[in-house]
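Data first, discussion second: the structure below is written as structure tokens.
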Amino acid sequence: AMATAGPRSFSAAEVRARCAQGACLVSCHRRLYDLSDFVRLHPGGEQLLRRRAGTDVSAALDGPPHRHSANARRWLEQYYVGEIEPGDEQVPPRAEPGPGSTAVAQLCAWYRDGLWVPQHYNHCLLPQDLVDWQKPLLWQVGYLGEKYDEWVHQPVDRPIRLFHSDFFEFLSKTAWYVVFMVWMPVVLYLSWVSYTSLAQGNTRLFSSFTTEYSIPVHKYYFPFIFLLGMILWSLLEYLIHRFVFHMKPPASNYYLITLHFLLHGQHHKSPFDSSRLVFPPVPASLVIGFFYGVLRLLLPEVLGLSVFVGGLCGYVIYDMMHYYLHYGSPKKGTYLYGLKAYHVKHHFEHQRSGFGISTRFWDYPFRTLIPEETFKKED
């Protein structure tokens, strides 16, 4: 049998030299991690990680200000590069162990060259090994059964291939700016159509029931109707995210598991796959067409169009914000900084709450708000 090579050793001087050249290496006890490719995505901001380059972060993982989840610690293992030489490791400040502090000890493999490689002292496999990453995942996940829910909520930093077909794979991927380029011209054009139609003065509410008591809808009402559409979208965003994207498919149903992974599970498995952070225009057009038809049935033609175009604008803003919450670096203390931290908590620790993306508003009345972390003051 081929012997498994042990991890590489790094001296403290070598770590300092690499950090001086711009790398971001941190250690946790003696284990060394290269976070150079992750610093820009760090929810707490790039500068926070840069300041910790070359140091031991084992105490910081337990907070304050933030206690890192077991998934965050598992995520850290993907950047493992070796061990600090004995005697060179730092002694971190003493800290009380948090609920996820044993996660690193429980891990039994490290991620290198695109593969999970079992460590020499433990040959068990992580849940990521339940699928063959060299093949499309969409047709594999349904066989995971009762293991799927745990597996899909243990995120990894690697791209996912869904389909065998290159054509369908292409349609499933979208650059963030494509959404803006496709739908914003539609928003502008339909806004103009709605406003000019209302300006003709022929639109009235309840005219199908009564002419005497029908209410005229003036062109000056358009901005408020547009805003109503955006508010309705924010509610729809919440409901779809919670009840469709986060349905828990029965372990025995291959097809529902597959559908869940296609709709949203693949995003939770690989949350930083930049090609799958926004909704592809082709399937989006089918969903958008459906909601347009519903509004046409419920409201007078121009009024329904005005509500629809506001909702469509809300959708575009939502998709742009969602991409930014994953790849942007908002300034600490800003609204977007809080939303980014909130959304990352949803991905890594609170998958059954925190369903608001462009706003946390609907998490309040539906009681799915992610609780704030609290830390006991030290004596």
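Selection over the stretch 29-41 of residues that are open to solvent by 30 Å² or more (accessible area, probe 1.4 Å) and out of contact with any Pro (no Cβ under 9 Å at 6 or more places or on another chain) gives a count of 4. Within the stretch 277-291, the set of residues being part of a helix (DSSP H, G or I) and open to solvent by 20 Å² or more (accessible area, probe 1.4 Å) comprises P281, V282, P283, S285, L286, V287, I288, G289, F290, F291. Looking across Y337, Y327, Y342, one residue alone is open to solvent by 20 Å² or more (accessible area, probe 1.4 Å), under 16 Å from the mean Cα position of the chain (by Cα), more than 26 Å from V187 (Cα to Cα) and at pLDDT below 95. It is Y337.
Matching residues to (1) within 29 Å of the chain's Cα centre (by Cα); (2) hydrophobic (A, V, I, L, M, F, W, C); (3) modelled with pLDDT of 90 or more:
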| position | (1), (2), (3) |
| --- | --- |
| P7 | no, no, no |
| V15 | no, yes, yes |
| L25 | yes, yes, yes |
| H29 | no, no, no |
| L32 | yes, yes, yes |
| H66 | yes, no, no |
| S69 | yes, no, no |
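Exactly one residue out of L262, L228 is in contact (Cβ under 8 Å) with a residue 60 or more places away in the chain and either over 17 Å from the mean Cα position of the chain (by Cα) or assigned to a loop (DSSP other than H, G, I, E, B) (or both): that is L228. Within the stretch 52-64, being without any contact (Cβ under 8 Å) to a residue 40 or more places away in the chain and assigned to a loop (DSSP other than H, G, I, E, B) holds for R52, A53, G54, T55, V57, S58, A59. Can you find even one residue in the stretch 174-182 that is part of a loop (DSSP other than H, G, I, E, B) and either more than 30 Å from K219 (Cα to Cα) or in contact with a Lys or Arg (Cβ under 7 Å, 6 or more places away or on another chain) (or both)? Yes, the stretch 174-182 has at least one match.
Any chance the stretch 302-323 includes a residue that's open to solvent by less than 50 Å² (accessible area, probe 1.4 Å), assigned to a loop (DSSP other than H, G, I, E, B) and in the same structural domain as S191 (by the TED database)? No, the stretch 302-323 contains no residue that is open to solvent by less than 50 Å² (accessible area, probe 1.4 Å), assigned to a loop (DSSP other than H, G, I, E, B) and in the same structural domain as S191 (by the TED database). Quick one: which residue in I357, I317, I370 is free of Cβ contacts under 8 Å to residues at least 40 places away in the same chain and of a type in the set (A, V, I, L, M)? Just a single option satisfies the conditions, and that option is I370.
Residues that are open to solvent by 20 Å² or more (accessible area, probe 1.4 Å) and assigned to a helix (DSSP H, G or I) within the stretch 72-83 comprise A72, R74, Y79, listed in sequence order. The residues on offer are K340, K331, and the sole one that is in a loop (DSSP other than H, G, I, E, B) and of a type in the set (K, R) is K331.
Selection of the stretch 265-276 for residues being in a helix (DSSP H, G or I) and in contact with a helix residue (DSSP H, G or I) (Cβ under 8 Å, 6 or more places away or on another chain) yields G265, Q266, H267, H268, K269, S274, R276.
The values are calculated or read from the model by the stated rules, or taken from the named source; none is laboratory data. Predicted model, so just to flag it, every value in this text is computed and none were measured. Every residue, glycine as well, gets a Cβ built from its backbone with ideal geometry; the counts of neighbours run over all protein chains shown. Only protein heavy atoms, including side chains, enter the accessible area calculation; ligands, DNA and RNA are left aside. Shrake-Rupley method; radii C 1.70, N 1.55, O 1.52, S 1.80 Å.
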